Amino acid sequence: MARLIIKSPYFKGGGFSGKNAAGYLRYIAARPRAERLGRHGLFGDEDTVDLEKAVTELGDYPGNIWTLIISLKREDAERLGYDNAKAWRNLLRTHRNEIAAAMNIPPSDFRWYAAFHDEGHHPHVHMMAWSVKPGQAYLNQEGIRKIKSELTRDIFQGELLRLYEQKRSSRDELVRQSRKALLELTKRMRSKFCDSPVLEAKMLELAKSLEVVKGKKVCGYL
């Protein structure tokens with residue numbers, strides 16, 4: 001599990017408004033390593049984003065607009081399929097309501113734009129999010145933790161399933177080997193160094209019980 005935590009997406013958040021927000025939006029949409037989905041790299045709830053209209057929208061907005069940077073290491077992004085704009089767009093669209101909830105925004109009031117930057121060692125997404133009602137949005141560390149948890153679970157779902165399957169297989173093998181060892185020990189007790197029907201019965205009972213207990217309890221018995 002530590003490996004997954006280390007490779008979890010990285011966020012940093014803050015709020016700004018007006019011309020600064022409009023300039024930042026233009027920057028993330030058109031910088032050299034932004035993957036373009038048409039004439040620029042911007043995407044959101046709609047398939048097509050009018051960049052100039054979006055710049056004007058943010059420039060006229062009187063409230064705070066929050067920014068998130070979501071990043072993976074290059075090798076993780078390539079392995080997990082998050083080395084392209086479409087994958088990130090689908091992910092953010094899927095979880096836009098959870099992100100809105102983490103920012104204390106009703107889904108109907110939530111607005112966002114994002115762009116994928118195919119940076120060398122850390123491909124990442126810049127996301128800008130706000131409410132149509134100025135002053136409504138609020139994002140703290142707990143909100144960032146919730147967003148991170150939602151996206152991490154989705155991004156690493158395949159790896160988590162493989163990890164669980166490996167743990168289940170290891171547990172089952174431990175049970176088989178433990179039961180085999182106990183049965184062998186019982187035979188040795190019967191034929192060589194111990195003649196105790198009571199102890200033999202207890203050992204057989206323990207071996208049988210290992211067929212149904214969890215892996216941690218097997219380790220405890222051993």
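Nothing in this text is a laboratory measurement; each read-out follows from the coordinates by a stated rule. Since this is a predicted model, take the numbers as computed values, not measurements. We place every Cβ from the backbone using ideal geometry, glycine too, and count neighbours over all the protein chains shown.
Given R₀ = 22 Å, what would the calculated FRET efficiency be for Ala87 paired with Lys53, taking r from the Cβ atoms and rounding to 0.05?
Working: r = 26 Å, r/R0 = 1.16.
Working from the Cβ atoms, E equals 0.30.
Quick check for you: which residues of the range 85-108 have the amide N under 19 Å from the point 7 Å beyond the Cα of Ile144 toward its beta carbon?
Once the point is set 7 Å along Cα→Cβ of Ile144, 98-105 turn out to lie under 19 Å by backbone N, inside the range 85-108.
Select from the range 33-81 those trypsin sites (Lys or Arg not before Pro) which occupy a DSSP coil region and have at most 14 other Cβ atoms within 10 Å, ordered by residue number. Kindly include the intermediate steps, with their values, before the conclusion.
On the way: sites: Arg33, Arg36, Arg39, Lys53, Lys73, Arg74, Arg79; in loops: Arg33, Arg36, Arg39, Lys73.
Listed in order of number, the matching sites are Arg33, Arg36, Arg39, Lys73.
Please state the relative contact order of the range 36-114 as a whole percent: Cα pairs under 8 Å, 6+ residues apart?
39
Within the range 116-155, which residues have the backbone N less than 15 Å from the label spot 7 Å out from Glu75 along Cα→beta-carbon, could you tell me?
Flagged as within label range: 121-123.
What residues qualify as long-range amide H neighbours of Asn64, i.e. H under 5 Å apart, gap of 5 or more or another chain, H built at 1.01 Å from N?
Gly135
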